[in-house]
Each structure stands twice: as C-alpha cells, then as structure tokens.
1. Apply the a/c threshold of 1.5 to the C-alpha gyration tensor of the stretch 702-790 and tell me whether it is rounded, prolate or oblate.
2. I need the peptides 208-218, 832-842, 887-897 ranked by packing, meaning the mean over residues of other C-beta atoms within 10 angstrom, with the highest value on top.
3. For a quick check: with amide H placed at 1.01 Å from N, whose amide H comes under 5 Å from L340's, ignoring anything fewer than 5 positions away on the same chain?
4. Place a label point 7 angstrom from the Cα of H654 along the Cα-to-Cβ direction, then list the residues of the stretch 160-198 whose backbone nitrogen is under 20 Å away.
5. Given a 1.4 Å probe and heavy atoms of the protein chains only, how would you sort R95, R300, largest accessible area at the top?
6. Positive end of the dipole of the stretch 626-684, charges at C-beta (+1 Lys, Arg; -1 Asp, Glu), about the Cα centre: which of A644, G675, Q627 has its Cα farthest in that direction?
7. Work out, in µm²/s and without decimals, the Stokes-Einstein translational diffusion coefficient of the stretch 92-242 at 20 °C, 1.002 mPa s, Rh from Kirkwood over C-alpha pairs.
8. When the Kirkwood radius is taken over all Cα pairs of the stretch 180-219, what Stokes-Einstein diffusion coefficient follows at 4 °C and 1.567 mPa s, in µm²/s?
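The values are calculated or read from the model by the stated rules, or taken from the named source; none is laboratory data. Since we're looking at a predicted model, the values are computed, not measured. Note that we place each Cβ from the backbone using ideal geometry, even for glycine, and neighbour counts take in every protein chain shown. Please note that ligands, DNA and RNA were not included when accessible areas were found on the heavy atoms of the full protein model with its side chains. Shrake-Rupley method; radii C 1.70, N 1.55, O 1.52, S 1.80 Å.
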Amino acid sequence: MSTAQPLPPTVEALLSDGTTAAIRPLRPADREDVYDLHAVRMSEESRRQRFFGASRLAPKLAADRLCAPPRPGFLALGAWVDRELVGAVDYETIRDRPDAAEIALAVADRWQHHGVATLLLEHLLHTAREQGVRTIEADTLAGNRAVHQVFTDLGLRVHRHLGHGEIRVRVPLDEKDEHYRGAVEERGRSADVASLVPLLRPHSVAVVGASRQPGSVGRTVLEKIRKGGFRGELWAVNPYAERIGDEPAYPGLSELPGTPDLAVLAVPPGVVASAAEECGQAGARALVVLTSGLSGADARQLLAACRRHSMRVVGPNCLGIAVTDDAVRLDAEFGAAWPLSGTAGVAVQSGGVGIALLERLTWLGVGVSDFISLGDKYDVSGNDLLQWWESDDRTDLALLHLESFGNPRAFSRTARRVTRGFPVLTVDAGRSAAGRRAAASHTAAAATPTVMRQALYRQAGITATHGIGELVETAALLHAQPLPAARSAVAVVSNAGGVGILAADACVDCGLTLPELPAHLALELSDLLPAGASAANPVDTTAAVGPDELRACLDLLTRSRAVEALLVCLVPTALTTSPEQDPVRALLDGPGRRRIPVAVVLLGQEVPVRYLDCAHGTHVPVYADPQAAARALAHARDRARWLAEPPGAEPVVHDCDPQAAKDLAARFLEAHPDGGWLDPALTADLLDCYGLPLTTSLWAPDEHSTVLAARSMRQLGHEGKIALKAYWPGQLHKSDAGAVHLGPGDDASVRTTYREFENRFGERLTGVVVQPMSAPGTELFAGIVQDQVFGPLIVFGMGGTSTDLLDDRTARLTPLTESDIHTMTTELRCAPLLFGYHGRAAADLTAVQDLLARLSRLADDLPQLAEADLNPIIATPDGLLCVDARVRLEPRHPFDPYLRRLRQPAASSPATPHARS
C-alpha cells in the first residue's frame, strides 16, 4: 500500500448488553484518552497481557503509535461510550506482505465482557478487507484466555501456533464466510434484544408532558397506562402542574422518586431534544416520542442524545406502544381500542393504520403480544421487532406495515430466519406510485420499487397483502388453522350451487385448483348427502343438508387426502327451522382442529371476517365473501410452499477474478469520475472476469478495421452472414435505432454497411462491433441493477426485441441462493420453452442457472456496477451465448449490509428511516 486510504466514517452500534458505542478512527487529538485507557482504565495485569510486560512507558508508546497521523497500511479504531474511550484496536500491514496485517486490541477493565473487543474487531476487519488484507495475525500470551476467547467467538477460522509461552494467532479473512456472517448476525440479534428490554419490558415509566387538559395526547396516554393496569411505577412530569388528574406531577425527571426505564414524550417539537437529554441524564434507557413536526436540527439532536445515553427510541410522530405481557401490562398509546392480550406482534409506521388494525384485530378477537407504532422510524425498526418477537417465547404471528426500508438486505436476512418459525404478514404499500422509470436499460425499466419490495417479500417468505382488510382476513386463517400441503387442491362444499360456483371461480382466480374427486370418493359422498346432491367439485350438498350430513361430508373429504383445504360456503334457507338443523353446527360440533385448513363463507354476514368458536377451543374463520376466503387460502398455500423449500445456500461459482473486475472498474472511473457506459471492448473484458458467455466480438473503430474484423471472422470459421452493430456512447436500443445490420461478410458488403452507418449516425458513431451470426434458440434476457436502498437486483426473463412488450420477467435481490435460482428459472410464463415445448429440444438449464449465479456474484463483488443488460441470450441444448451486453459503472463506495451499526444522527433528516430496516 503506497498511499493512505480514506478513513472509515464514525458509526454507532450496540454492545452485548444493549449499550450504544461509537466506533471511529483514532486521531492525534485522542492521544490523552488513549493514554488514559492504557494507563488508568486497565489494571497492571491487563497491561501485562497486552504488552507482554509491565513497562511504565507502554501506555505512552501505545498512545503515540495509535494517534499518529494517518499512514499507509495502518488503521486504529476506538470505541466510545458516552464520551469515554472504552477500547481500541489497530492493524498494521506486515512488511513485504501487504495482504497480511498484525493486530492488537485493548479494552478497559470495567468494559470487558460487554462485547467491546468483538465489535471493534468486526469493524476493523471490514475495513481491512476493503484495503486488500486477507489475513490478520497477532501474538498473544498463552495464558490470555480472554483474548483467545474473542478470536474463537468471531466465527472465523483461527489457526494457533505455540512457541516459548506465546501463541501466534492467524485468521484468514474469507469474503464469503457464511459462518462468520451468521456469528455476526447472532451477536447483533442478542444485542438488539437486550437494548429493547427497557422499551418493551419496563419496570417504570415517566410520561413527560402529561397535560392537565383532558383529551390531550399526554393526558390520554397517562390515563390509559394507569387504567390498563401497568405493573410498574408510573410518574407524570409537568413543571407547571402539581397533579394531573389523580396522579401527582413532578417538575422534572431529576425530581422523580426513581429512575424510569422508559419515558414517553408528549412535548412541543422544539423541546423534544432537550427533554431527551434530560431523560438520558436521569438514567432512562428508552423513549417513545409521540410529538410530530420535528425540524432536521431537532431530529439530529434527539438522535444524538439517544445515542450518547444508550436510549432506544420509537417515533417520533407515533401513536405509542402497548405491551400485553401480564408481568407488564403497558398501554402507552392514544388509540381508541384497548388491545387484547394475545400472541400477535404488530408494528406499523402509520398511526391511522395502527388504529384501524387494532380495532379490527380486537373485533376479531385476535390479541397482540406487543403493538408498536414506529412513526417516522428514527431508530427502532421492523428488523429490531422481528428479532424481539423471535426471542420472546410468546409471539407466533407478526403483522407489519412498513412504508420504508433502511437496510432491506439485513431485514430480508432476519425475516428469512424468523418466518421459518411463524408467519410474518405485511401490507405492500405504495404500489400505485411505483410506475416504470424512464430508463436506459431493460433491467432498470423492470426494477421498480414495487418489484424490489416484492422480490424481498418472496425471498424472505413474508406474506404480502394488498390492504389492511386482506391482511386481517389472511391473519385470521393463519392464526387459527393449519397450513395446507404445498399443492393447491381445494374442495368447495356449498349448500347452494350458485354460491359454490362463485367460490370455485374465486379459487381459480387466486391460483388454487379444484381437482376432480376420485370416483370412489364421489360415490361415498353421494351416499352421505341428501338426494339431488352433486359430488363433483364443487360439492353441492343441496339446501336440505343437515349438520350431521355436512359434518360427515367434511370428515370424509379430510380423511381422503384428495384435497389440502376446504372452503365451505353456506347460505341461510327456509329449510332451517331450528338451531339444531343449522348446517353451521357441523363446524361448531366437529372434531376440533382438522388436519387441513377450513375456511367458511356465510353470504350476508355483516362483517368481513369473524371466528366461529368450535369444539375443543378451536376457531374457524368465517368470511362474508368467497374472494376473501380464497385469497387467504392462497396465501396459506404460498407459505406452505415457501416452508417446503430448503433454505438454500449461495452456489459456489468457480473461475471468477473479482480483483481484475475491481481494477477494471477503478481504471474506468479514474478516467470517467462521473461514471458511464463501458465500450464494447471493456464490457467484454468485465464479463470475461466472471466467465459470462459473451459471443465472439471484435471491436473496429473505423471502416478499414471493420473490414479486417469481418475477414478475421471468416478465418475463424464463421462463414455466411455476420452481424455489424454500430456503437456510440450512451446508445440505447440498437435495433430501434437501425444500428444492427445482418448480411454477408465479404469486403464490399462490409464497406457498404459501414458507410451507411456513417451517413445515418454521423459524428455519434465511434465504431462497429463485428460478431458471427448465432445459432437459433430461445432468446432470454438477464441483467443487474443496483438500487441505493435495496442493493443489487437480478432480473431474468424472455429476451429479444420484444422483452418489454412480453413483460415475462422475474427478479430477486442478491445474493441469490440455489433455491432462488431454481425458482427464477421455473416461474416464468415462458418456462416450458426452456424445458422443451411441443417437441423442441430443452435448453441447457445448468448453463442458465450458472449464468444467474455468476451475475449474482458479479453484482455483490462490484458495487460500482450500476446497470448491466445481457440481451438477447441465446439458450440452446448445448449452452448459452450472450449476443449483446451493455454495462454502466458509477462511483459508489462498498456497503456491507451485515456490518453492525445504527443509523447515523449526523446524516439524518426527519424523513430518513432507520438504516437497519
């Protein structure tokens, strides 16, 4: 390393106990703090372990070395907690071995076993990797068990060599080490949960800004907390009142008789930051900020106070929170409904959505474990709450309404894990505003925000609905009924033929199937049901069916295993003269929870969905509309299919040269600081770094070179027609512009074509790409687009000039797993063409899947790759060949979505969401 590299920015992250630490490079101005860390905050034994002796000069020498001006191959990081330096770590590259570095670390005695060393090492290793370091090494005393445990717990492979009482530790830094990523993830989850305990399991609460005015926000929240039966201490804070209703009021937090775990702020916007600082100084560890209308400066000061005092914050501009755990019983929100106690975790950004959702859940009888209105989501996020619910041993259903994502890749990774344990449902908000961007590539045109979100939801196993009504209708089924098998076979049973037909149509519209029932099953059903019944599917029981006959019909269908779900549609008739004859009793008095899910439709029901309380404490969802019931069953089917798929690992991709790709990008961006489209030669070079199958292409900058290139094609054995493609920077669609010519490759024809290009495109023309004609096959399209929020997206589908017209595409966020790749190649409408259709030979599917895996690796390795279009890709039984490719690079700093960090106050604005999701 010949020059000093840019220093990493200051970030904040959670220690293992939930305390917030600031991580930043050490500077000359930090010398006194670094000296005190080694000389005062570390015991003599700690210094002996660190310096292999007890030299009194060691702290001074360490401070001088760590706080020297920046130099190549060296980086020192410090961890601060509330302005106190609690730890330091550094690396320095080894002479003649620039890809290896020596590291050293020190932690204040009082802060040992809080995760300081591990957090510092994670951030140091992140920067070291970026600077080309591939191995870290350290000398340690054999008896220094604490530091050896730190290396062991990192999650990386550790090699140790013992000699003369010292141990040489060597740790390779594998860029794609899934075990390390999992270890970092688990440390983050544990720290996250610890930080949320004061928020969601508080023993004491202060309402700051509680007003004497009845109906005000602060007064309402104070009264709801008291009436809700909060188990801990409750205090009202108002400097202008001695009492708030029946509660004594205190002029400030310093006058409280105890320390609040949680403070609820209902104060004017201009004093939110100062109130937060007072809460932090009083020892509070969590805030719920109900206030709206904060300025950018207020927002930054609020977040700075929270980080400085290790307080997690919900809001601002939120409805509040509710915790129904019997040991807490906290209702600190100002909605009209009182949340029922239950097992559904609810998190929403919109207060209005939160009020509507709570009211519907309460009416339905579904209780919540925790309700959190995230508001402007400055800090606590959906990712935090999923991890909390995963760990609380109570929540078995999560309902989310998120309007934004700060770190979608981290959220997706968390959600993939959580949804294996219980359903996670969301409302896919903002679909109408997505639209298609005017873009310079097919990939960018396809990568709308809606496509990004839906890719995230599909990959993470999240059930995405189109509105609050559908969310509640689906939750009613998933919360009370078993999942169907992965197939989608449904039996519709109705006491009115017309209603059964409506239900059957609704099922088909939702992608469910109504299989023809086996002959023996139909015969048995006919024997059970009244005369005139039809035992086809849908099953028409006739209006004369009684509860015993209907129950026997449902039992038989359940036992038959011919279907995976039952949709029972009933209408009231004049034949039901007593409650005992009501066919609904077949459900009330049935065997309890069946092996397969049951959904009921009662036409004329006044509410969209409710529960029937059945035998053995079970519940069956009852819908007013067949479409709603079919949608819920389809969502249950999709969840069953997702769970049936193996989690999938990232495929191993061989013969890639990421360093060559990074060097190419660096050279291009040095010459083009604002970025731009690569020329055909550089495009071919970049794709070759990842073994992507681009057809033979020769670049010709003038007429004579074009003729020579065409001759070379003939000499290479490409007889017959060749393709000549005019090129200029910023070129969009070649065919539409008339920039492609197919014809014979003789000299005269080539010269004629080149001159036609010159006449047509004038000074724009910078050269011609000469290619052989490709063999016929299925035309495909694949591409990459980098999104500032969601990260890289891989798009795949039908290719050629009609790709936008056909719009047969699928998309997934990187990194693609083997399961993602398999699904992408099978869910297209054109998939039969790949597998062999009407006697056509099947394409080489292994080659198709390998292409997607290589694109995923390229997208993850090269963040400067803004867009890439490979179109068309010709798929044949013998492999793939990309006929045309376009790549655009732009300057962009690598972002590791898995590095532990909190959102940065200095870069915040009121509308900016939490960077962790």
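1. oblate
2. Taking the mean over residues of other Cβ atoms within 10 Å, the ranking is 208-218, 887-897, 832-842.
3. V368
4. Under 20 Å, as judged by backbone N against the label point of H654, lie 175-177 of the stretch 160-198.
5. Largest to smallest exposure gives the sequence R95, R300.
6. The residue sitting farthest along the positive end of the dipole is Q627.
7. 110
8. 99
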